[in-house]
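The values are calculated or read from the model by the stated rules, or taken from the named source; none is laboratory data. Bear in mind the structure is a predicted one, so any value in this text is a computation, not a measurement. In this analysis, Cβ positions are derived from the backbone assuming ideal geometry, glycine residues included, and neighbour counts consider all displayed protein chains. Only protein heavy atoms, including side chains, enter the accessible area calculation; ligands, DNA and RNA are left aside. Shrake-Rupley method; radii C 1.70, N 1.55, O 1.52, S 1.80 Å.
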Amino acid sequence: MPMVPEAIVAMLACTRIGAIHSVVFGGFAASELAVRIDDATPKAIIAASCGVEPGRVVAYKPLLDGAIAQSSHKPEFCFILQREQQTCDLTEGRDFDWHAVQEGVTPAPCLPVSGDHPAYILYTSGTTGAPKGVVRPTAGHLVALNWTMKNVYGVDPGEVFWAASDVGWVVGHSYICYAPLIHGNTTVVFEGKPVGTPDAGTFWRVIAEHDVKSFFTAPTAFRAIKREDPQGEELKKYDISGLRALYLAGERADPDTINWAAKVMGVPVYDHWWQTESGYCIVGNPAGIEPLPVKVGSPTVPMPGYDVRILSPEGEELPPGELGAIAIKLPLPPGTLPTLWNAEDRFRKSYLDTFPGYYETGDAGLLDEDGYLYVMARTDDVINVAGHRLSTGAMEEVLADHPDVAECAVIGVADPLKGQLPMGFVCTNKGTDKTDDEIRAECVRMVRDVIGPVAAFKLVAVVARLPKTRSGKILRRTMAAIADGEAFKMPATIDDPAILDEIKQALQPLGYAKD
Ligand code: COA
Ligand code: AMP
């Protein structure tokens, strides 16, 4: 579903009758949708005919039809919301018109469910290509979300709250749908971008028109606005004096963006850190109770229920100031994931096995003397592109399928707008008659077709060989450091250091690895 009110209606209709929903972001390709259909085995699928992206209408129905054709599991029926921007054909006997099926129907009563009944499954990226189905328990989730609305976001029932995200992400589930509504706030459903729909003043217009009191988005959105309107001229056209604070999450909030947003908007800017798995912030500023001093670069302190620790690779707790794996001492608070859908073993392996007694977040960072957390990087192969969590492993699986690709690696490189971008390195088979340009174009096309436009996969370097350790492990972190022009220590176990120079040379035409 695109960002239309019916998306929220569909989610709530499911929870009303005790049906588990799984929302899939519109920027994924048909095969990603098929993987989710096979894992969640839905009885029904609800979709719109299209989504509206800047400059183009994205036909969703062919994506849905393609996914159902590819999946082994087939839904019993589909409800299709026809949008005027582009309608679609309905498959006789399987597809039903959203409005037509509701004609003259009596609403079903609410079904009481037990507290641990899954409200939804939300797929997110992990180290391997297969997405992880995060399960959300009903009761703890609602209790926790309700608590955050006043104590973190500082809004009272009746006020307007806006999270500029998408229902396909956890921010959208929690803060476009469930949290504002359970707390009695009005929520804003916005189908558009911070820039280009039509201009860099869109956010200010929506805030002014709806008297938004508390606003939540990803730092990348502000980087996009800042790039287009560095002086904040557009803001002069609107009255956003009703706004109390801006909340940022989804990726590291860089100090430049925080400072710029605070200066232009004249409200406090609060970074807060969380994940699909948690469903609400693990570390934040309890501004609605009493704002703690902001330390730019830190999302502030652990929220109630979260006992955040920094651990060494051996699982020893590290003192303040030392960098390590960010872990949460068990038990996790209410509303956080109890398991992964159909994958209890993977749940244990991904989160609980590395540090017995702790939940492993997959992020690295440190706590300072005042207990403020600093989140520095991921410890796995997950990258963050415009606030979207993506698996480089999944992209490598796609590239490896190219008939001329012998070997490949995908890393995340720094990008001034999106935070990170994926970059592929491919070694071609000997004797291929394709040019490097052809290979590059085909790789880009394949990732877009298999994973989707959301991957924003556009950078590919064709190289003779990949840097590896003597045991054959590809040195992805070293490659990323070279790309970003960061200092790095030559890995002691590197097989052939000369390859690093070759990597650097391959990166320079792409605008990376500058001297
Ligand atoms: N349906 C179909 N396609 C979609 C889509 C959707 N719901 N959402 C994104 N896409 C497509 C885009 O059209 C784009 O395709 P393109 O390669 O043909 O241009 C691609 O996926 C990448 O989209 P996006 O990441 O949004 O990049 P962008 O260049 O269009 O916009 C920003 C960049 C920074 C403006 C945009 O990412 C943004 O507004 N981010 C806000 C942060 C956010 O929502 N984060 C979510 C977690 S809080
Ligand atoms: P997602 O599950 O899509 O919400 O992505 C969660 C991941 O995004 C986290 O594990 C972090 O790597 C990153 N992230 C989210 N919020 C922040 C933040 N405020 N600061 C730094 N990283 C963040």
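General observations
- Computed extension length for Thr197-Ala262: 21.1 nm, one decimal, from 0.36 nm per residue of separation with the Cα-Cα distance subtracted.
- Computed over the alpha-carbon pairs of region 77-129, the distance histogram in 10 Å steps reads 16, 26, 32, 23, 2 percent, short to long.
- Sorting the segments 71-79, 166-174, 413-421 by their mean number of nearby beta carbons within 10 angstrom, highest to lowest, gives 166-174, 413-421, 71-79.
- The rule of thumb for compact globular proteins, 2.2 N^0.38 Å, goes into the C-alpha radius of gyration of region 248-378 1.09 times.
- Kirkwood hydrodynamic radius of region 160-270, from inverse mean 1/r over distinct Cα pairs, in Å: 13.9
- The chain - accessible surface per residue (Å², probe 1.4 Å): 43
- The relative contact order of region 377-488, computed from alpha carbon pairs under 8 Å that lie at least 6 residues apart in sequence, is 25 percent.
- Extent along principal axes [Cα atoms of region 327-461; Å; largest to smallest]: 57, 36, 24
- Extended-chain gain in nm, criterion 0.36 nm per residue less alpha-carbon gap, Asp89 and Glu317: 76.2 nm
- For region 412-423, Karplus couplings with θ = phi - 60° (6.51, -1.76, 1.60), whole Hz, Gly/Pro x: x, 10, 5, 9, x, 9, 8, x, 9, 10, x, 10
- When each of the peptides 432-439, 304-311 is scored by the mean number of other C-beta atoms lying within 10 Å of its residues, the order from highest to lowest reads 304-311, 432-439.
- Annotation: amide H of Tyr247 within the under-5 Å range of Phe215, Phe216, Thr217, Tyr270, sequence separation 5 or more or interchain, hydrogens built in the peptide plane.
- Using a simple spin-label model with pseudo-atoms 7 Å out from Cα toward Cβ, Val296 and Asp437 lie 4.4 nm apart.
- For region 350-377 versus region 403-434, the inter-centroid distance based on Cα atoms is 30 Å.
- For the chain, the share of accessible area belonging to carbon and sulfur comes to 54 percent (1.4 Å probe, ligands and nucleic acids excluded).
- For region 47-139, the calculated P(r), taken from all Cα-Cα distances in 5 Å bins from zero up to the bin holding the longest distance, is 3, 10, 13, 15, 18, 19, 15, 6, 1, 0 percent.
- When peptides 110-123, 127-140 are ranked by their average number of other Cβ atoms within 10 Å per residue, the highest-first order is 127-140, 110-123.
- Rounded to two decimals, the Cα radius of gyration of region 287-326 over 2.2 N^0.38 Å is 1.41.
- In Hz, Karplus ³J(HN,Hα) per residue of region 45-52 (6.51, -1.76, 1.60; θ = phi - 60°; x = Gly, Pro): 10, 10, 8, 9, 5, 7, x, 10
- Entry note, the chain: the mean residue ellipticity at 222 nm calculated from DSSP H runs of n ≥ 4, each adding -39500 (n - 2.57), is -7000 deg cm²/dmol after division by the residues and rounding to the nearest 500.
- Maximal additional length on extending the Asp38-Ala100 stretch stands at 19.5 nm, based on 0.36 nm per residue less the C-alpha distance.
- The chain: equivalent-ellipsoid semi-axes (sqrt of 5 x gyration tensor eigenvalues, Cα, Å): 35, 30, 24
- Among beta bridges identified by DSSP and lying wholly in the chain, the antiparallel ones come to about 65 percent.
- Couplings 3J(HN,Hα) for region 157-173, derived from phi with the Karplus relation 6.51 cos²θ - 1.76 cosθ + 1.60 (θ = phi - 60°), are x, x, 8, 9, 10, 9, 10, 7, 9, 9, 4, x, 10, 5, 4, x, 4 Hz, where x marks Gly and Pro.
- Its Cα gyration tensor gives region 346-391 an equivalent ellipsoid, and the semi-axes of that ellipsoid, as √(5λ) in whole Å with the largest first, are 20, 19, 7.
- Taking every alpha-carbon pair in region 202-254 and binning the separations at 5 Å intervals from zero gives 4, 20, 26, 28, 18, 4 percent.
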